[in-house]
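A short worksheet on the structure shown next.
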């Protein structure tokens, strides 16, 4: 990775502004992909992590979902409860993985890797986006696990190609958003112990103050306000309309996508500025 992002030499040919801009863009993409590949190497070396990550969504669907489906007390808009909650459990799995992603930055600081990255020519947003992209791939693994569980439980998902592609887009976007938020937290707290404590405090409010396991209309007024400013709500809304047969969106796919992209973009810029603080 370091060799990739530090091996550039200036072009003495004096390219035009258009060529220079294109070159800068390609360098940015190359740096982002290089860092993402480094992060994914960790996953390739430890594929057992995917197996352990399957336990949490399996417990929610097999135990929580099966039990609450018997009560029929939660209005789900014509969907059976297990079908209603499946997109929410996928979003929850993505959240739980991404929200602890920032601890890798603290480990890398202790190993001296962050210091080397910061003195490389790679733009800081590329460093952040590279990690967000690798988190997105991990999120896709969770998506595959949830789809397999849904098949085993006879949950009727919409498997049209365009729908599945839409699910992939929103999984990657949600993973990138929450992993970038996690990186920002890691840059501020700087220690593994504090980071783990804050991560545990954040996950439950984000999950329960969303529409993952119950609709927004059934919430008390003040929780409804929290749900509407919670990015996870918009990810769940998009996944529910794309994944399940008969699923409907509350806000609209366009609104879901715009909200997630805007929040993600802001977090990338903020985290890029905070990134040096992790070694400060």
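Values quoted throughout were computed directly from the atomic coordinates according to the rules given, and no laboratory measurement underlies them. As the structure is a prediction and not an experimental result, all values here were calculated from the model. All Cβ positions, glycine included, derive from the backbone under ideal geometry; neighbour counts span all protein chains shown.
Overview of results
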item: Degrees separating the helix 192-208 axis from the principal Cα axis of the chain, which is the longest one; result: 40
item: Semi-axis lengths, Å, region 50-199, gyration tensor of Cα atoms, sqrt of 5 times eigenvalues; result: 34, 17, 12
item: Folded to 0 to 90 degrees: helix 253-274 orientation relative to the chain principal axis, Cα; result: 40
item: Relative contact order of the chain, pairs being alpha-carbon contacts under 8 Å that are 6 or more residues apart, as %; result: 26
item: Per-peptide average of other Cβ atoms within 10 Å, ordering 68-78, 160-170, 91-101 highest first; result: 91-101, 160-170, 68-78
item: The chain, helix-only ellipticity at 222 nm - DSSP H runs n ≥ 4, -39,500 (n - 2.57), divided by all residues, nearest 500; result: -23500 deg cm²/dmol
item: Principal-axis tilt of helix 124-152 within the chain, Cα atoms, nearest 10 degrees; result: 30
item: For region 133-266, Kirkwood radius (reciprocal of mean inverse C-alpha pair distance, Å); result: 15.8
item: Percent of Cα-Cα distances greater than 26 Å, calculated over the chain; result: 45
